[in-house]
Each structure stands twice: as structure tokens, then as C-alpha cells.
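Here's the structure we're looking at; comments come further down.
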Amino acid sequence: CRSGGGLTFPCLPRVPVFGSLLHLRSSLPPHLLFTQLSRRYGPVFGLYAGPHFTLVVSEISLVREVLLQRGREFAGRPKMVTTDVLTQGGKDIAFADYSPLWKNHRRLVHNSFTLFGEGSSKLQTIVQEDADSLCEELQSCRGQSSDLSPILMRAVTNVICRLVFSSSYQPNDPELLTVIDYNDGIVQTIARGGLIFPNKDLKKLKQCVSVRDRLLHRKLLEHKMTLTPGEPRDLLDALLIGQMKGSGGEDDITEDHVLMTAAEAFGAGVETTSTTLLWTIAFLLHHPQERVHSELDERVGRDRPLSLSDRSRLPFLDAVLCEVMRIRPVSPVLIPHVAMQDTSLGGHSVPKGTRVLVNMWAIHHDPKYWDEPDQFRPDVCETLFSCSLFIKRASLVNFTERFLDSSGKRATPGSFLPFGAGPRICVGESLARIELFLFASRLLQRFHFSVPPGASLPDLKGRLGVVLQPLRYSVRVTPRH
Ligand code: HEM
Ligand code: PLO
């Protein structure tokens, strides 16, 4: 297999033009296929995605090398037709290649998120209000069964709309429906397979992108006309202020970058959060909810509105959310990384331009680090004690508990990286955690979720689109008081 001299990587067979694609034809989605192949070819193996030499990494120490130790060397992104259409040729954060301009841009976005997220109560207030409206909507369903996907999607889209441009919508507002509609169109055309192996069906994508850009352009103009420097009302203001402060050099971001950031905040913010909440409810339908409910009842009560300061009081709920992100990572192979320069991995040399797929699914299901990785088990200790293999398993040096230690405190094992790590770590992580906690806690404080009579339990395998999502399921939502 190609490698810059010295040791070489095991590699899938290849033919001209198609590369190894013929060997990748499978009914399995990429993360499962790669996990299977890593058993045969090892923790890092090569393949050719058409002409592109690509490494697939499935072992935590190698993943840490890619993302952290050599994070900067592997911080590039491949150029792809679909993402170029989506981002005006890389004027966003997620799909833009590493460059001084990208670094400035990412820093500005990070600071702007902090301004409204952890650094203030603004996001908390928005999420609390939207979680309350969501609960009112569910309350009015009066125990009827429904598919929660559109309701959750609307709630999280509303959060992002308020955070990004201060617009708040009623459930059927035409502008909100436009946002949901174009987003849905984009998701369908660039399903995740398309991010790894792009397809060329671009017409619909271009249409959706142009609807999106028209809407965001209007918002941008409105904001520019009413902006008070020093007093950002929302993320768009904060980005505009940051953009205007630029030094006039070639590494400054432009207004187009601001527009693409707003677009990306929607895409990333909506798909990931709503999907994680849907997985949470799907898994809770398969498992008893008593422990989450009793923790909430004992530590908070049924009526007091929850706030972020309750997170440390609810370690079990927090562990449930982590276990959901472990067992069904929304981004099971992250976004492809690219070696920016000649470098190395596990002692093997890696030429500049090599693509790297980090198989986070394999990391989160590695039996070396997770006891019974396919079992949903937020708190492994309890089950382990009743397990006849306890003595044997506990003596394994590398064995990690899940998300609660023996005294019931939250623990975070080293082979758990749902947001990635290093220079390309998810820029919305703290935003996402705030949203997940406030939505999940409020929903579970007020409701019990059950499988409707006659319906079957949700399928837990899921489907890989632009993120890994559960198949549609219906659920009965019953008020707890
Ligand atoms: C990137 C996970 C929510 C914005 C990523 C990556 C992962 C991830 C795995 C790729 C890291 C890599 O390629 O190495 C998640 C999960 C979320 C979530 C699990 C929620 C459950 C959000 C939210 C936002 C966001 C709410 C923003 C509003 C981004 C951006 C990137 C990114 C902009 C690209 C970062 C870069 O390339 O430098 N996320 N994300 N994400 N995420 Fe998230
Ligand atoms: C989702 C559809 C949007 O219209 C555009 C968009 C932007 C950012 C993407 C997101 C989509 C899918 C999920 C991604 C996110 C950036 C980071 C996130 C890929 C395509 C994850 C979890 O990796």
C-alpha cells in the first residue's frame, strides 16, 4: 500500500479509476463495514476512494494520535463537490480546509458561541422556553401516540433561530417551515454516504442552498441595519461585529463567511441535537425509566423548572445521555480529515494529502474498553456486580466503567469521544450539551414515554444519512402528574 517509505499499511485491493470501491460494495453502512474490515486488516488500514488514498483508523491510541498528538497535521478537510456547493467553496467551519483564515473564523465562532452559551444565561433561557412550549404541545396530545421527530425538529430549529437571529416562531410559521424544508432537502441530497463518497446529484442541493441563502441574506441585511457595535443581540450580530473588526488583511473573514456560519449553525445544530434526543427516547422505551424519574423526583421534584445548575445533581440522567452518544454516535466516522503535510501514524509514514477516516463507532464499541459494548447500560457497576464474570472482567487492566463510578459520580472514559477531539473538535459541543440536558430533563420530569398499544418497540439499528438516525417510530407520551 502507498506510504512514504518505511513501514506500509495493510491495504484493500484496488483497480484503476474505481480504487478499492469494488471491495467496499456492501449492504452494511460504512462504519459497520469499516469495523468489520478492521478485524481483518488491522486497526489502521488503507483504501483508495477512487484516486484518493484513505486511511481508516479504529483504535483509540491511533485516533488520539490523529486528533490530538498530531492534531494540526491531520486538521485538513478534503475538497468535495457537494460540500463546495453547500459552503460556497469552503467559507464555513466544518468543511473548510485548515488555513490561517479558517483559524480566525473558528476562533470568532467559538467566542460568539461562548458569549451566548456558557458565558451567559441567554441560551439557557431560550432552551427553557422552547422546552416548555414543546411540553405544552405534548401535553395537548393527551396520551395519543405520535412520531416525535417533527415536533422535536421544530423545537430545536426554534432554539437555533432565536440564538442566531433572534426570531421566535409559532409552530406553523411559514418562515420556520421554510427553514425546516430546505434543511430537509439538503439532508436528503447529501446523506452521509455522500460526504465520504460524494454523489453528483447536485440540482436539488443547489435549489435548497439558494432558498437558504436568500433567507439568510435578508436576515443579514436586517441585522446590519439595526446593529449596535458593542451590544450583540444574537450570534449573527456577534459574527458581524467580529467580521467588521478585521484588520483588512487577507486572513480576514468576509460577509459570506458570516452567512455560511449561520447556515452551518442550523445544519449542525438541528440535525445532531434532534437525532440524539430521538435516540434517547428510543433507548428509554427499551429500558426502564424508573431510575431517571426517581432521580429527578428526589433531587429536583416535579414542578420546579430545571436549570443548568441541576446537571451535577442528576448524574444518572447525564450518564444516560453519554451512553446514548456512545452507543449511537450521530457522526460515526466524523468528517474526513486530511494530512496537511507528510507526517506519520503509529510509526508508519503518511504522505501529505492522505485522507483519514476516524471510525468512532469502532472506538465506542471496542470490547477491549467496553464491557458488552452493544448493551445500553449507563451505569455498568450495578449490572457487573450481578454478573458472574465480574471478577474476571474487573481484573482486565484496560477495562473501563461506563459513565458512573462506584460512588455514583459521573466518570468519562478515555475511549469516549462523541464530539471528536483536538483542533477539529465540534465547535458546538457546549451548546449541544446544554440543549440535550435541558430538553431531556424537562421532558422526563414531566412525561413518561411508552410504546403505543399494538405498536412495536423502535428499531435500534438506525440508518446512516447525514447523521446516524433512528428509523421513524411512534411513542405514547403520558403526563406524570
Ligand atoms: C463537528 C459531533 C452538535 C457544530 C463535529 C464533529 C463531530 C460532532 C463528531 C466532527 C469532528 C471531526 O471531524 O473531527 C456533534 C454532536 C452534537 C453536535 C454529537 C450533538 C449531539 C453541534 C452543534 C453545533 C455543531 C449544536 C453548532 C450549532 C459543529 C461544527 C463542526 C462540528 C461547526 C465542524 C468543526 C470543525 O471542522 O472544525 N460535531 N456535534 N455541532 N460540529 Fe458538532
Ligand atoms: C446538515 C444539513 C444542513 O442543511 C447543512 C449541514 C451543515 C453542517 C453539517 C450538517 C449538515 C450535518 C451534520 C454535520 C454538520 C457539521 C458537523 C456535523 C456533518 C450537512 C457532524 C455531526 O459531523
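Since every read-out is calculated from the coordinates, none of them should be taken as a lab result. Just so it is clear, the model here is predicted, and its values are computed rather than measured. We place every Cβ from the backbone using ideal geometry, glycine too, and count neighbours over all the protein chains shown.
Take the cross-link list Lys79/Lys203; Lys203/Lys352; Lys79/Lys224 and give me the ones stretching past 30 Å between alpha-carbons.
Lys203/Lys352; Lys79/Lys224
If you average the C-alpha positions of segment 40-85 and of segment 140-187 separately, how far apart do those two centres end up, in angstrom? So the separation of the two Cα centres works out to 34 Å. Multiplying the residue separation of Ser307 and Ser26 by 0.36 nm and removing their Cα-Cα distance gives an extension gain of 96.6 nm. Highest-first packing order for the peptide set 293-299, 471-477 is 471-477, 293-299, based on the mean count of other beta carbon atoms within 10 Å. Just how many % of Cα pairs in segment 1-154 lie over 19 Å apart, if you round to the nearest whole percent? Cα-Cα pairs of segment 1-154 separated by over 19 Å account for 73 percent.
The calculated FRET efficiency for Asp173 paired with His448, based on their beta-carbon distance and R0 = 45 Å, is about 0.90. Sequentially through segment 294-306, phi angles give Karplus couplings (6.51, -1.76, 1.60; θ = phi - 60°) of 5, 4, 5, 4, 6, 8, 10, x, 8, 10, 5, x, 7 Hz, Gly and Pro residues having no value and appearing as x. Applied to segment 329-342, the Karplus parametrisation 6.51 cos²θ - 1.76 cosθ + 1.60 on θ = phi - 60° returns per-residue 3J(HN,Hα) values of x, 4, 10, x, 10, 6, 9, x, 9, 9, 6, 7, 8, 4 Hz, with x for Gly and Pro.
For segment 118-271, just say rounded, prolate or oblate: build the C-alpha gyration tensor, square-root its eigenvalues into a ≥ b ≥ c, call rounded for a/c under 1.5, and beyond that prolate if a/b exceeds b/c, oblate if not. List each step's numbers first, then the result.
Numbers: a/c = 2.19, a/b = 1.21, b/c = 1.80.
It is oblate, given that a/c is not under 1.5 and a/b is not larger than b/c.
In terms of the mean number of neighbouring beta-carbon atoms within 10 Å, the peptides 205-218, 95-108 order highest first as 95-108, 205-218. Need one number: nm distance between label points at Ser99 and Arg218, each 7 Å from Cα along Cα→Cβ, rounded to one decimal. Placing both labels 7 Å beyond Cα along the Cβ direction yields 3.1 nm. By the rule of a C-alpha distance below 17 Å, with chain neighbours fewer than 8 residues away ignored, the lysines paired with Lys103 are Lys91, Lys245. Residues whose amide H comes within less than 5 Å of that of Ser344, counting only those at least five positions distant or on another chain, are Val350 (H built at 1.01 Å from N in the peptide plane).
Equivalent-ellipsoid semi-axes for segment 85-153 (Cα gyration tensor, √(5λ), whole Å, largest first): 36, 19, 6.
Could you tell me whether segment 318-380 comes out rounded, prolate or oblate from its Cα gyration tensor? Rule is a ≥ b ≥ c as square roots of the eigenvalues, rounded for a/c under 1.5, then prolate if a/b exceeds b/c, otherwise oblate. Because a/c hits 1.5 or more and a/b exceeds b/c, segment 318-380 counts as prolate.
Using a Cα-Cα cut-off of under 26 Å, which lysines could be cross-linked to Lys461, ignoring same-chain neighbours fewer than 8 residues away? Answer for Lys461, where 26 Å is the Cα cut-off: Lys368, listed by chain and number. Shape analysis of the chain places it in the oblate category; the axes a ≥ b ≥ c from the Cα gyration tensor give an a/c of at least 1.5, with a/b not above b/c. Measuring nothing but how far apart in sequence close Cα pairs (under 8 Å, 6+ apart) lie, relative to its length, segment 48-205 scores a relative contact order of 21 percent.
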